[in-house]
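Read through the structure below, which is laid out as C-alpha cells, and then see the notes.
Bear in mind these aren't lab numbers, they're just calculated from the coordinates by the rules spelled out. From a predicted model like this one, the values you see are computed outputs, not experimental measurements. Every residue, glycine as well, gets a Cβ built from its backbone with ideal geometry; the counts of neighbours run over all protein chains shown.
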Amino acid sequence: MKLNVSTVLTGFDGIPLPNTKTDATTTPLTVKDVVVNVVAMPSEHDTGMDKVRKFDLAMKLFKAVGEVELTVEEAKEVKDCVGKSAYGPLVVGQILHLID
C-alpha cells in the first residue's frame with residue numbers, strides 16, 4: 001500500500017492547516033509531520049522490540065519523499081497510532097482515508 005506523506009492536510013474549508021512546530025504562517029501541516037510524530041510516540045504497553053519497530057517505521061516515513069510503500073503491518077501500525085493520537089477528527093479522518 002502506498003501513502004503520500006507530502007499530502008497537505010486542510011481544514012474543512014480547504015485551506016491548509018498550519019504546522020505549529022514550524023513557522024505556522026508559511027508551512028502547512030503534512031501527512032509526514034503527523035505520522036512520524038505519532039508513530040514515534042511510545043504507548044503504555046510497548047516493549048523494547050515494539051519501540052525498535054516503531055523507530056524503524058518512523059525513520060522510513062521521515063526519509064520518504066512523496067509516496068512511500070507500506071506493508072499491511074506498517075499501514076495498520078500507522079492507522080493505530082494516528083487513531084490513538086491526540087489529533088482531532090479533522091486530521092485523523094484525512095489520514096485514515098488516505099491509508100484505506
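Out of (1) -0.39, -0.46, -0.96, -1.01; (2) -0.56, -0.62, -0.98, -1.03; (3) -0.31, -0.37, -0.92, -1.01, which label holds the value of log10 I(q)/I(0) by the Debye sum over Cα atoms at q = 0.11, 0.12, 0.19, 0.20 Å⁻¹ that was computed here? From the options (1) -0.39, -0.46, -0.96, -1.01; (2) -0.56, -0.62, -0.98, -1.03; (3) -0.31, -0.37, -0.92, -1.01, the structure gives (3). Under the convention that each Lys and Arg Cβ holds +1 and each Asp and Glu Cβ holds -1, the size of the dipole of the chain around its Cα centre is about 140 debye. Per-residue 3J(HN,Hα) values for region 79-94, derived from phi via the Karplus relation 6.51 cos²θ - 1.76 cosθ + 1.60 with θ = phi - 60°, read 4, 4, 5, 5, x, 8, 6, 7, 5, x, x, 4, 7, 4, x, 4 Hz in sequence order (x marks Gly and Pro). Among K32, K2, K60, the ranking by other beta carbons within 10 Å of each residue's beta carbon, starting with the fewest, stands as K2, K60, K32.
Applying the Karplus relation 6.51 cos²θ - 1.76 cosθ + 1.60 with θ = phi - 60° to region 32-44 yields 3J(HN,Hα) values of 4, 4, 6, 5, 5, 4, 6, 5, 6, 7, x, 9, 4 Hz, where x marks Gly and Pro.
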